[in-house]
Amino acid sequence: MKTININLKEYSYDILIKADILKDISDKINLVYEGKRLAVITDENVYSIYGLELNKALVQGGFETSFIVLKPGESSKSIEALSYIYDKLAEFKIARTDLIVAFGGGVVGDVTGFAASTYLRGVPYIQVPTSLLAQVDSSIGGKTAINLSHGKNLAGSFYHPKLVLIDTSVLSTLEDRYIIDGMAEVIKYACIEDDSFFEFLNNLDINSLSCHLEDIVYKCCNIKKLYVEEDEKDRGIRMKLNFGHTIGHAIEKYFDYGKYTHGEAVAIGMYNISLNGEETGYTKAGTSDRIKKILIKYGFEYELPQISIEELEKIIRSDKKNLSDKLNLIYLKKIGEANIVSKFILD
Ligand SMILES: NC(=O)c1ccc[n+]([C@@H]2O[C@H](COP(=O)([O-])OP(=O)(O)OC[C@H]3O[C@@H](n4cnc5c(N)ncnc54)[C@H](O)[C@@H]3O)[C@@H](O)[C@H]2O)c1
């Protein structure tokens, strides 16, 4: 088993990573929780594959369980789903001394974290992420959120889990498109922090990934740890994790979240900001070409879709992260090193 400690003083917690660790979930929960009652929040897909197995492991460990099962997909990061969760938690008489378990992808993790942070003014929770994106990114760092009609992640909180339990074997049932989606974030970590990790990924491909997932997840969690510990509230260097995301979010939004997945849009963003960085002198020549090659290898598009630059800029300006007069763009100096470049936005 691999262990990483996220050191945030009184909000510190461990990430435990191991294939098949779900079997030992009760023992692992006992490390951080003395009670016996818990509510598991999950979605229909994850529940249908792992629900019974998980419940059995928890009941055998002496826990009294209740399950809240959401519809799969982004629509569950909504006020309606949150309200449903609150009602169920009340129905199950979950108290502040009980525990909530987020068992699913990033959607379940985000909405559960927000529910846990607000129900009864805060109930402890743990993250058991089941998608690649959730294992390398969304389960770590304490950002929770739901979407509003005005945009994604507009209501949320920083609320850290007591434990993150990562079972990489559950990725075997994740559809390929979600594995690829998560790989965009994996490639992003390599781009901003570690050239040798970039080369390691470059020597694999989508078919040879499965044997290396535990190492890949471990590496990414360690990189995220660096940024979260130094900048818990995302006001400084944690912004580097947004490499490729400013253009990526604009592309997702332009196509109304229908044409490109998050990972596909971020992939295009990483290549194009690096191309722009080379043109403007922020980025070492040849960087965008290396990114292009790795993106092709994992089946991503890299060219900007047919959107005018003016349209793209308009969307970028309306993003909640860019509401001040300054736009923070993340450029690579080279593979393995990122810089935040603040630009003034002129209307
Ligand atoms: N909080 C953060 O820091 C942070 C960071 C990045 C992304 N996010 C959020 O994460 C969300 C996306 O997460 P996601 O890509 O995991 O999407 P998701 O939660 O919708 O999961 C993707 C799909 O995979 C299914 N699934 C999950 N695990 C499975 C498994 N082991 N086997 C079979 N199917 C499985 C789900 O049911 C779903 O259909 C977005 O809402 C995004 O905003 C949050």
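All of the numbers you see were taken from the coordinates with simple rules; none came from a lab. As the structure is a computational prediction, the values presented were derived from the model and not from experiment. Cβ sites come from the backbone with ideal geometry, for glycine too, and all protein chains shown count toward neighbours.
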Q | Convex hull (Cα only) mean projected area of the range 176-344, reported in nm² to one decimal | A | 9.5 nm²
Q: Just name one of Y47, S318, A184: the one whose Cα is farthest towards the positive end of the charge dipole of the chain (beta-carbon charges, Lys/Arg +1, Asp/Glu -1).
A: S318
Q.
Can you return the lysines within cross-link range of K297? Criterion is Cα-Cα under 16 Å, with same-chain partners fewer than 8 residues away left out.
A. K188
**Q.** FRET efficiency, S196 to A95 (Cβ-Cβ, R0 30 Å, nearest 0.05)
**A.** 0.05
Q) aspartates and glutamates within cross-link reach of K28: Cα-Cα under 13 Å, excluding same-chain residues under 8 positions apart? A) D14, D20, D167
Q: Provide, as a two-decimal number, the C-alpha radius of gyration of the range 251-347 over 2.2 N^0.38 Å, N being how many residues it has.
A: 1.09
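Determine the dipole magnitude for the chain: charges of +1 sit on the beta-carbon of Lys and Arg, -1 on that of Asp and Glu, nothing else is charged, the reference point is the Cα centre, and the result goes in debye to the nearest 20.
720 debye
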Q. Can you run phi through the Karplus equation (6.51, -1.76, 1.60; θ = phi - 60°) for the range 168-181 and list ³J(HN,Hα) in whole Hz, with x for Gly and Pro?
A. 6, 5, 5, 5, 5, 9, 6, 4, 3, 5, 7, 5, 4, 3
Q | Full-extension gain in nm, N222 to K343, via 0.36 nm per residue minus C-alpha separation | A | 40.6 nm
Q) Over the range 2-173, what relative contact order in percent results from Cα pairs under 8 Å that are six or more residues apart? A) 26 percent
Q: Would you please classify the overall shape of the range 90-184 from the alpha carbon gyration tensor, given that a ≥ b ≥ c denote the square roots of the eigenvalues, rounded means a/c under 1.5, and beyond that prolate means a/b larger than b/c while oblate covers the rest?
A: oblate
Q.
Can you work out the Karplus-derived ³J(HN,Hα) for every residue in the range 63-68? Use 6.51 cos²θ - 1.76 cosθ + 1.60 with θ = phi - 60°, whole Hz, and x for glycine or proline.
A. 8, 9, 10, 9, 10, 10
(Q) From the phi angles alone, apply the Karplus equation (6.51, -1.76, 1.60; θ = phi - 60°) to the range 202-207 and give each ³J(HN,Hα) in whole Hz, x where the residue is Gly or Pro. (A) 5, 8, 9, 8, 4, 7
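Once the cut-off is 37 Å, how many percent of the Cα-Cα pairs in the chain end up in the long-distance tail?
16 percent
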Q. Between their Cα atoms, which of K9/K224; K293/K314; K88/K225; K77/K253; K77/K343; K23/K162 are more than 27 Å away from each other?
A. K293/K314; K88/K225; K77/K343
**Q.** Compactness index (Cα Rg / 2.2 N^0.38 Å), the range 2-173
**A.** 0.93
**Q.** Positive-end extreme of charge dipole, the chain - chosen from Y302, S138, I335 (charges on Cβ)
**A.** S138
